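Peer 1: Below: one structure in structure tokens.
Where a number appears in this text, it was derived from the coordinates with a stated rule and is not lab data. The shown structure was predicted, so the numbers you read here are calculated from the model rather than taken from an experiment. Glycine gets a Cβ as well: all are built from the backbone with ideal geometry, and neighbour counts include every protein chain shown.
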Amino acid sequence: PVVVGIETSCDETGIGIVSGTTLLAHQVASSMDEHVAFGGVIPEIAARAHVTEFLPVLDTALDEAELTIDDVDAIAVTAGPGLAGALMVGVAGAKALAVATGKPLYGINHLIAHIGVGYLDAAGADLHNVNQLGALLVSGGHTEMLKINSLTSDVELLGSTIDDAAGEAYDKVARLIGAGYPGGPVIDKMARQGDPSAFTFPRGLSAPKNMGTEKTPGKDRYSWSFSGLKTAVSRAVEQFELRDMPVPANDIAAAFQEAVADVITKKAVLAATEQGIDHILLGGGVAANSRLRELLTERTTAAGIGLTIPPINLCTDNGAMVAALGAQLVSDGVTPSDLNFSADPTQHVSLISV
Ligand code: ATP
Ligand code: MG
Ligand code: FE
């Protein structure tokens, strides 16, 4: 099926078009530049930008695919989770499009779309020989390990962060060391100039009491926590400031990045091994992180687990991932959404489509 996917959950207006697992168009407009001065995404600015960008981005995507809206079999839109006002622009626009064209509409989960993108040929995966797929989702708002029994009907949450998401920790630590916003790409770059062993930062929830054993697992065996790490970085910075010494920002960035990548990959590979997962799909914007990619590759290889990491421009927010999940929903015969659905800012990962 040919599906157009619409993404407006945060600061990207993304529209993608797929035919089955073939990517036909991938267009993204971002309002990031307008948020930089504030050090974070301002919801109302993001929502207004979606209103302006929606139709131009849609037109460009249709041009890229060399299609008209009449050639499309279905429309998919992110229903949640995300910023309420931003989501509502996409949902309202998608409904208008569905009513005007008579095409079926699917309101879908943004987190599952981050995984669904891995099924595209453009993601370079071979998921056909996989017995049990797992997904490690590391994004601005989420850090979760999932067991994908069926992408369109049965996703099981194995573990998640109990406080900050990994991307959030990157943004907060970037502020602490004066690296600017958005934090992820900046810290990634600084870390390459620093020494990761200059500091040892905590790996949250890794103590024996949290982990338990495989037979009697602790309740946080597959959970993460990044708030203690953020506090540890803050203390380290203070130590230098109190003595009027220059803060070794590159070393702190490197040690912080090492702690994040270490604890994420260790627990993900442990969960996969213990839960019979033989292939991991990495998803979400933090999948762009160089150390996370490197360490996950190393550790899955050592454990005999397959790994798919889609190209970076498919990992950060976009419409192609929404279209990819939409196409799977159509193929699997899932009923389209009732047009009365609303945006759901806190939509749980187990609710795949509304
Ligand atoms: P969610 O998907 O949970 O709703 P989101 O859509 O805002 O959140 P994404 O677009 O998936 O998040 O990812 C954005 C996050 O990725 C930001 O926090 C950003 O700092 C982080 N990020 C981007 N590039 C890198 C990188 N190279 N290293 C680490 N983090 C990165
Ligand atoms: Mg974004
Ligand atoms: Fe996202």
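Peer 1: Add -39500 (n - 2.57) for each DSSP H run of 4 or more in the chain, then divide by its residues: what number comes out at 222 nm, to the nearest 500 deg cm²/dmol?
Peer 2: -13000 deg cm²/dmol
Peer 1: Also, quick follow-up: Where the centre of each part is set by its Cα atoms, how far does the range 317-354 sit from the range 79-152, in angstrom?
Peer 2: 6 Å
Peer 1: Aspartates and glutamates near K209 by alpha-carbon distance under 12 Å, same-chain residues fewer than 8 away left out - which ones?
Peer 2: Within the straight-line cut-off, K209 pairs with D220.
Peer 1: Can you grab the distance from the C-alpha centre of the range 221-237 to the C-alpha centre of the range 56-72, Å, no decimals?
Peer 2: The two parts, judged by their Cα centres, are 45 Å apart.
Peer 1: Another question, if that's okay. Considering only H128, H110, H35, give the residue with the highest GNM mean-square fluctuation for the chain, with springs between Cα atoms whenever their separation is below 10 Å.
Peer 2: H128
Peer 1: Quick check: pseudo-label points 7 Å beyond the Cα along Cα→Cβ at R192 and L55, how many nm apart are they?
Peer 2: Label-label distance for R192 and L55, simple model: 4.2 nm.
Peer 1: Efficiency by 1/(1 + (r/R0)^6): what FRET value for D154 and S342, r their Cβ-Cβ distance, R0 = 30 Å, to the nearest 0.05?
Peer 2: After rounding, the FRET efficiency stands at 0.80.
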